[in-house]
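The values are calculated or read from the model by the stated rules, or taken from the named source; none is laboratory data. Note that the structure is predicted; figures quoted are calculated from it, not measured. Note: ideal-geometry Cβ built from the backbone for every residue, glycine included; neighbour counts use all protein chains shown.
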Amino acid sequence: MKALLKIASYIFHPVWMPFLGSLFYFLFIPRFFPDEVVKAKLMAIAIITVFIPIIFHFLLKNLNKVSSLFLDNVTERRWPLLFYILLCVMVLNQILNIYNYPGLFYYFLGILGSTVIAYIFSWFKLKVSLHMVGLAGLVMFVAGFCIYYHLYFIYTLSFMIIAMGLTASSRLYFKAHSSFELIMGILVGLIPQILALKFWL
């Protein structure tokens, strides 16, 4: 059980969530996009939201600015979150546009909002669970996507909710977060996505 909870912390790490949301969008949207465009967009999103943050993390670790991939110390979160804000802005300005990819654009706008809130909270010594932020945002995006396109991915949403529960249990088991921090993480992930839904539903 301990091994499963540990694996959950890595598999459902927030760094994967923007790419997973993008992959879901392009796989299931009932609209044609050329394969070359889809591959180019996914590659660009993967580079900006996954590979660059990982490289930045190792840079900060070499400079002794962070101690682990999970950013357990609230003060360690400030540089990574600020950098991620800039990366989200880059995706919104350079990779996506509101006309061709409205749902995905607003998903990233919600991610930007959640990241800004988490960054502000870090200055008040409030350590929200970034795992919950990422998963809750993704769940809300998938739910909104299904509502908009009248799709019924009940099993997908059920799996994601189970994943949230497993990840929350993992964070509690390893004493990375309190219950309050997990709940705050869920709210920080959900609320910006709910607000973003109003613009594209």
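Take the residues in the range 147-189 that are without any contact (Cβ under 8 Å) to a residue 60 or more places away in the chain and not in a helix (DSSP H, G or I); name whichever of them is surrounded by the most Cβ atoms within 10 Å (Cβ to Cβ).
Restricting to residues being without any contact (Cβ under 8 Å) to a residue 60 or more places away in the chain and not in a helix (DSSP H, G or I), the top hit is His177.
Of Gly110, Gly134, which residue is over 17 Å from Ile11 (Cβ atoms), surrounded by 22 or more Cβ atoms within 10 Å (Cβ to Cβ) and of a type in the set (Gly, Ala, Ser)? Don't jump to the end; show me each part of the working.
Values: Gly134 fails: over 17 Å from Ile11 (Cβ atoms).
Just one listed residue meets the conditions, Gly110.
Of the conditions (1) in a helix (DSSP H, G or I); (2) crowded, with 22+ Cβ neighbours inside 10 Å, Val128 clears all except one; give me its number.
Val128 satisfies all of (1) in a helix (DSSP H, G or I); (2) crowded, with 22+ Cβ neighbours inside 10 Å except (1).
With more than 14 Å from the chain's Cα centre (by Cα) and modelled with pLDDT under 95 as the only criterion, which of Phe83, Phe56, Phe26, Phe12 stands out?
Phe56 is the lone residue from the list that is more than 14 Å from the chain's Cα centre (by Cα) and modelled with pLDDT under 95.
If you check every pair at least six apart or on different chains, which have Cβ atoms under 9 Å apart with a residue in the range 94-116 that is farther than 13 Å from Phe19 by Cβ first and a residue that is surrounded by fewer than 20 Cβ atoms within 10 Å (Cβ to Cβ) and among the small types (Gly, Ala, Ser) second?
Hits for this filter: Gln94/Ala44.
From the list Gly113, Gly144, Gly103, which one is assigned to a helix (DSSP H, G or I) and under 13 Å from the mean Cα position of the chain (by Cα)?
Working: Gly144 fails: under 13 Å from the mean Cα position of the chain (by Cα); Gly103 fails: under 13 Å from the mean Cα position of the chain (by Cα).
Within the list Gly113, Gly144, Gly103, the selection yields Gly113.
Taking the condition of being of a type outside the set (S, T, N, Q), in contact (Cβ under 8 Å) with a residue 40 or more places away in the chain and part of a helix (DSSP H, G or I), how many residues in the range 46-87 meet it?
So in the range 46-87, the residues of a type outside the set (S, T, N, Q) come out as 46-48, 50-61, 63, 65-66, 69-72, 74, 76-87.
From what's left, in contact (Cβ under 8 Å) with a residue 40 or more places away in the chain: 48, 69-72, 74, 77-78, 81.
Applying the additional criterion that residues be part of a helix (DSSP H, G or I) yields 48, 74, 77-78, 81.
Residues in the range 46-87 being of a type outside the set (S, T, N, Q), in contact (Cβ under 8 Å) with a residue 40 or more places away in the chain and part of a helix (DSSP H, G or I): 5 in total.
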